[in-house]
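Peer 1: Okay, handing you the structure first.
The numbers here are math on the coordinates, done by the rules we state, and not lab data. The structure displayed is predicted, hence computed values, not measured ones. With ideal geometry, Cβ positions are generated from the backbone for all residues, glycine too; neighbour counts draw on all protein chains shown.
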Amino acid sequence: MVNSIGINYGQIANNLPSPEDAVPLVKSIGATKVKLYDADPRVLKAFANTDVEFMVGLGNEYLDKMRDPTNAQAWVKENVQPHLPATKITSIFVGNEVLTLNDTSLSDCLLQAMQSVQAALLNLGLDKQVTITTTHSLAILQTSYPPSAGAFREDLMDPLCETLNFQQKTGSPFLINAYPYFAYKGNPEQVPLDFVLFQPNQGVTDPQTHLHYDNMLYAQIDAVYSALASLGYKKLPVHISETGWPSKGDEDEAGATPENAEKYNGNLIKLMSGKTGTPMRPNSDLNIYIFALFNENMKPGPTSERNYGLFKPDGTPAYPLGITPNNVVGRNTTVGGGSFGNAVTNPYYPMSSSTGYMSISFARQQRYQSLGHVLLMVPLLMIKTLV
């Protein structure tokens, strides 16, 4: 098996280093994959011939337009095809957390948009190297504990199964954005901090499978696997397209500290080097994309939204990750290596998905909190087991 660390490369900022300066930063954390929220040609060109795999995005505001196969093919020809094969674009995610936005104008477009982009890849002979998928919020789950009882929300079943049938036929991964941070923030008195930070702890045992879990993220992943299996999609791989921890927050944002961010992301990277999967899928590859590469100073919302980055805009670490050459997945460089000075580029707002990314980011915490019963079901019931 091959575990892969990826990184989300957001650009809602006016002080970020050039994409060329971002290349060694990505490599320094052992990341072999990058997820863009658009198809920024500057970034894709900068990473040419680096062997880093890319997932590019089509924002929610383009779903309606992408239903037209002509538009979809034009987009692929302009934004994907010119960069292949020098830049390893392996996936396109069409829409971000669409099904949990409660917006039928978007969800009604999702499958057709995915099909049109897939048809464009087929017409251009790119379907063997690029897959089509979409991302989901963890709030797509109705039940998440115990992991073996994971189940999707009944009200989302029809559009979800449509996309799952498509993905099963095309062989693309199921993408989930999972943030144990929000579970802790929502109830810091009851959610064990060590359990969400991959620190030594007593852990919990699934009463049905008797599998032991010592961190929340793996329990969430296995809950998704169970939900998929219950619908007959046992072979569909699950990738974590976003997870992370903020290093700074407002007074009411419990746990948003550099120390906790260091533990969450640093421990996750080290854990990935162990070449083991989750308790339910010990032999399955883990593909996890950390959010995010940089702190982004122009993102709206609470302070935490601007402080998820592993790096500051000047290229220095936002906090030490404790990574050494021996415990980075597949790399032998240390975090923070190199000097980047104060080089910044002008803000870049690509036409493909910057506004969609901004709106998703702004709504993320509110949406997770409003659906807190879903996210907190895991930790609160785990408390009962722990006590």
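Peer 1: Would you please give the FRET efficiency between GLN208 and ASN102, computed as 1/(1 + (r/R0)^6) with r the Cβ-Cβ distance and R0 = 30 Å, to the nearest 0.05?
Peer 2: Efficiency for this residue pair is about 0.45.
Peer 1: Could you list, bin by bin from short to long, the percent of Cα-Cα pairs of segment 1-72 in 5 Å steps?
Peer 2: 3, 13, 24, 22, 14, 11, 8, 3, 0
Peer 1: Would you mind pulling out the separation of the Cα centroids of segment 20-83 and segment 178-257, in Å?
Peer 2: Taking the Cα centre of each part, segment 20-83 and segment 178-257 sit 28 Å apart.
Peer 1: On to the next question. In a shell of Cβ-Cβ distance under 11 Å around SER226, excluding SER226 itself, what net charge do Lys and Arg (+1) and Asp and Glu (-1) give?
Peer 2: Summing Lys/Arg as +1 and Asp/Glu as -1 gives 0.
Peer 1: If you don't mind, another one. With θ set to phi - 60°, apply the Karplus curve 6.51 cos²θ - 1.76 cosθ + 1.60 along segment 40-55 and write out the HN-Hα couplings as whole Hz, x wherever there is a Gly or Pro.
Peer 2: 3, x, 5, 5, 4, 6, 5, 9, 4, 6, 9, 6, 7, 7, 10, 10
Peer 1: Still on this model: Local charge sum around PRO200 (other residues, Cβ-Cβ under 9 Å, Lys/Arg +1, Asp/Glu -1)?
Peer 2: Around PRO200, the charge tally is -2.
Peer 1: Next question. Which lysines does LYS234 reach when only Cα atoms under 18 Å apart count, and residues fewer than 8 places away in its own chain are ignored?
Peer 2: Partners within reach: LYS169.
Peer 1: Of all DSSP beta bridges located in segment 48-187, what percent are antiparallel, nearest 5?
Peer 2: Once the DSSP bridges in segment 48-187 are tallied, antiparallel ones form about 15 percent.
Peer 1: Restricting to Cα pairs below 8 Å that are 6+ residues apart, what does the relative contact order work out to for segment 216-297? Please round to a whole percent.
Peer 2: Relative contact order of segment 216-297: 34 percent.
Peer 1: Taking just the C-alpha trace of segment 1-153, give me its Rg and Dmax in Å.
Peer 2: 16.6, 46
Peer 1: Between beta-carbons, use under 13 Å as the cut-off and find the net charge around ALA318, counting Lys and Arg +1, Asp and Glu -1.
Peer 2: Net charge in that neighbourhood comes out at -1.
Peer 1: Now a separate question. Magnitude of the Cβ-charge dipole of segment 157-237, K/R +1 and D/E -1, about the Cα centre, nearest 20 debye?
Peer 2: For this selection, approximately 300 debye.
Peer 1: Show the residues, 5+ positions off or on another chain, whose built amide H is closer than 5 Å to the amide H of SER273.
Peer 2: Sorted by chain and number, the residues that satisfy this come to none at all.
Peer 1: Just tell me which aspartates and glutamates come within less than 14 Å, Cα to Cα, of LYS275; anything on the same chain fewer than 8 places away is out.
Peer 2: Cross-link targets: ASP285.
Peer 1: Could you quote the convex hull projected area for segment 50-93, Cα atoms only and averaged over all directions, in nm²?
Peer 2: Seen from a random direction, the Cα hull of segment 50-93 projects 3.1 nm² on average.
Peer 1: Separate question: Would you kindly calculate the translational diffusion coefficient of segment 98-220, applying Stokes-Einstein with the Kirkwood radius from alpha carbon pairs, for 20 °C and a viscosity of 1.002 mPa s, and quote it in µm² s⁻¹ without decimals?
Peer 2: This corresponds to a translational diffusion coefficient of 128 µm²/s.
Peer 1: Right, here's the next one. Give, as ranges by residue number, the residues of segment 84-116 whose backbone N falls under 19 Å from the point 7 Å along Cα→Cβ of LYS169.
Peer 2: It comes to 92-95, 108-116, nothing else.
Peer 1: So which of LYS248/LYS299; LYS263/LYS299; LYS27/LYS185; LYS33/LYS312; LYS128/LYS235 end up more than 22 Å apart by C-alpha?
Peer 2: LYS263/LYS299; LYS27/LYS185
Peer 1: Next up: Work out the charge dipole of segment 104-173 with +1 on the Cβ of Lys and Arg and -1 on the Cβ of Asp and Glu about the Cα centre, then indicate which of ASN123, GLY150, THR133 is farthest towards its positive end.
Peer 2: ASN123
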